[in-house]
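No value in this document is a laboratory result; all are computed from the given coordinates. Note that the structure is a prediction, hence the values are computed from the model and not measured.
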Amino acid sequence: LVVTVDAADGAAGLAPACSAPGGEGSLTARVAAAVAQALVDGTWSRFKACEAPDCHWAYYDRSPAGRGRWCSMQVCGARAKMRRYRAKDS
């Protein structure tokens, strides 16, 4: 990562270091820059791992309260709710 300074307002930021002119930098550098920006913006806490034990997805929680549990309510959330419902009948 490299520190950048905005010429208009003097704000500092982080950007991936480019290995070639006009390049975007390595994937690791781009991910690190995105994580650093999310920490600065206060949105890092909304990046979560799905709670389903058989799911390995990560997602950005867009729910109003920030209390999402599953990557997809239509798939992982529906399965979890169905399992809980069936467990009540047993």
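Once the mean of 1/r is taken over each pair of separate Cα atoms and inverted, the stretch 46-89 shows a Kirkwood hydrodynamic radius of 10.9 Å.
Computed over the Cα atoms of the chain, the ratio of the radius of gyration to the Kirkwood radius (Rg/Rh) comes to 1.20. The long axis of helix 78-89 is offset from the longest Cα principal axis of the chain by roughly 30 degrees. Taking Cα atoms only, the orientation of helix 27-41 departs from the longest principal axis of the chain by about 80 degrees.
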